[in-house]
1. From the residues in the range 65-110 that are of a type in the set (Gly, Ala, Ser) and farther than 30 Å from Ala204 by Cα, which one is modelled with the highest pLDDT?
2. Could you check the range 482-536 and list, in sequence order, the residues that are within 22 Å of Leu405 (Cβ to Cβ), polar (S, T, N, Q) and at pLDDT below 80?
3. Could you check the range 317-352 and list, in sequence order, the residues that are at pLDDT below 75, of a type in the set (D, E, K, R) and assigned to a loop (DSSP other than H, G, I, E, B)?
4. Got a number for residues in the range 196-208 being at pLDDT 95 or above and among the small types (Gly, Ala, Ser)?
5. Within the range 405-419, restricting attention to residues that are out of contact with any Leu (no Cβ under 9 Å at 6 or more places or on another chain) and in a loop (DSSP other than H, G, I, E, B), which residue is modelled with the lowest pLDDT?
6. Pairs, please: C-beta under 8 Å, at least 6 apart or cross-chain, first residue not assigned by TED's automatic domain parsing to the domain that holds Gly300 and modelled with pLDDT under 85 and in the range 438-458, second surrounded by fewer than 16 Cβ atoms within 10 Å (Cβ to Cβ) and hydroxyl-bearing (Ser, Thr, Tyr)?
7. Please find, within the range 114-156, the residue that is surrounded by the fewest Cβ atoms within 10 Å (Cβ to Cβ) out of those that are assigned to a loop (DSSP other than H, G, I, E, B) and of a type in the set (Ser, Thr, Tyr).
8. What are the residues in the range 64-77 that are surrounded by 15 or more Cβ atoms within 10 Å (Cβ to Cβ) and not hydroxyl-bearing (Ser, Thr, Tyr), if any?
Amino acid sequence: MLLFVTDNIRQRSNAVQQFITKHQDDVMGALNGFDRIRFRGTQRWLANERGLMSFLWSIQVKLTEFIDYSKDITRRLREHIEGLAEQSGRPSTYLYSSGQSKEDLARQIAEDDGIQQGLIAVFRCVEPGYSFQVGPNAGTKRLELRRPWGKCLHYYLYFIDPVFGFGHLRLQTWFPFTIHVNLNGREWLCRELDRQKIGYVRRANCLVAVDDFERAQRILDLQVSADWQGILQRLAKWAFPLHQQLLNGGPLHYYWSADETEWASDILFHSPERLAHWYPLLLRQGIETFSSPSVLRFLGQKTPAHGQVSGHFRGEVQTELVRRPEGVRIKHWLNKNSVKMYDKQGSVLRVETTILHPRDLKVETTAEERRDGKGKRRRLRKGVDDLPARAALSQASNERYLEALAAVEDTTPLGELAESVCGSVTWQGRSVRGLRPLEREDHALLKAVMHGEFALQGFRNGDLRGLLFGSAETEADRRRQAAQITRRLRILRAHGLIEKIPQTHRYVLTPSGRSSITAFLIAFNANTNQLNQLAA
C-alpha cells in the first residue's frame, strides 16, 4: 500500500494482497505506482489575453510591436534548442507529419547510437494549439490581442535522465510558450533498481519479475512525494532558459499541473500459462457484471441508496473490449477518467486508473484548509501539489476493481458453497438459521452487502437500512428496521461471510464471503437455459 494511505484503510482492505494470497501458487508479487504522467507547464500571467496585455504593458511593448517582439523570442528559443542538439552531437529533424510516432523514432535512435544518458534527439513539427495574435476590432476600431486555436512550430526534446530515465519535453515556440513533459514511473523505477543493484526482468514498459518486491514498492511510493516542482523547473530551464528573462530579468515561473496520470497495479504471474487460465474469466466478469453504477463506484462516485445511477447524473459511462498486439483490454470510462484491465507481456495482469479530469473527483480537506472556511471535501486539483491525493484515489479505484473481480477466483461447486452456509449453526452459544440465498429477502441482503462503495471501508447497519428499507417515517420504524438488519447480519457473521472491523460499528466481507455471495447472486439471476447448458 502507499505510504500516505491511512492506517484504517491499510487494515480494512488490501484487495491487491488478497488477490496475491488467493493465487499464491501462481503469483510472485505486485507493484503499485505511476506509469505514464503528462505534466503541463503554464506561465499563468501569459496564458490569457488580459494577463498578456498586463505583461506587455509592464515591459513597455506596444501591440503594434508584439509580432516583432514575439518573433525575436521565438528565434532565440530556436537557436538555443538547435544549439543543444549541436553541442551534444545529436540529430535535429523536421517531421512533416505530427502523427508520426516520435517515441518510437527516439527509442530507435537511442538504440542505434547507444545513448545511455542525455539528449537523444530533437524533433520539430507544426502542430495545433492556442497562441496569440494581434488584429483589429471592428467595433472599437482598435488593435486587440486574440487567442485563437491555430498551428505553430513545436519542439520535442527526447532524453534519458540519470534519475527518471527516458522521457520527453514538448515546447511551443510562440506565446504563451506552453511546455508539456512526459515521464514514466516504471522507467524511473528501473533506473533506481539498477542503482540499488536489485535484479529484475523487463519487457517493454513492464516488469515481469523483481528480486525484491518490498524495496521496489518503496521506490514507487517515494515517487509520489518527489520534488516535482524542482524536477520540472529544472527541465524547463534546460530547454527554455529565456522564460526567466522575459520580464526584464525578473522572475516568470511556470505553474505545473498534471494533465494526465496513469496509476497501474501490476500482478506478476510466474508464467503466461497461469495468467492465460484466469484472464478469460476476469474479462467475462468485467463485461457481464460491471454495470454503469459499478463503474461509477470504481471511480469514486457516490451512488444513491437504490444502487442505480442518480437521476442528476449528466456524464457518460462506457465500456469497451479491444484486442491489441500486447493483449486484450477492457476499459471503462466515466467522462474523461477511466479504469482498465489488460494482460501485458503475457504474464502481467494490469489494472490501471487514468485521470484526465480531476474535478470529477473529491478529496478530504486538511485541517489548514478547513480553517480557511472550506468544507470537509473539495474537488481534486490538477496542480502537482495534489499528486499524492490523486495517487491515493487511483489506488483506491484499482483496489475496488480488483475487489469486484475476486469472486471469479473460486472454483468450488455451487452445491458445496450452499451446503456450507445453508444449514443451521451454533454461534456464540446460540443457534443461527441457515442462509436462504435464493429467497427474495436474503437475496436483497446479499445484494446490499456487495455494493462497491463498501469494498474499502466496510458498511454499517445504517448503510444497509437505506438500501433495504429506504427512509424511515418514524423513529419507531427506524429502530424496528435496525433490529431486523442486526438479526440478518448475525446470520452472515455466523456463517463466516462477514466479519466486524475491531473497535468500529462496521463490517466487511471475508474472502470466502465475497466468493460465495457472488456465486449466489449469479445463480439467482441465471435463467433455466443457461443452467441447462452448464449441466449438459
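The values are calculated or read from the model by the stated rules, or taken from the named source; none is laboratory data. What you see is a predicted model; the values in this text were computed from it and never measured. Cβ atoms come from the backbone with ideal geometry, glycine included; neighbour counts cover every protein chain shown.
1. Applying the filter and picking the extreme gives Gly83.
2. Hits for the range 482-536 are Ser512, Ser515, Thr518, Asn525, Gln530.
3. Glu326
4. 1
5. By that ranking, first place goes to Thr411.
6. Gly458/Thr504
7. Top of the filtered list is Thr140.
8. Phe66, Ile73, Leu77 - these are the residues of the range 64-77 that are surrounded by 15 or more Cβ atoms within 10 Å (Cβ to Cβ) and not hydroxyl-bearing (Ser, Thr, Tyr).
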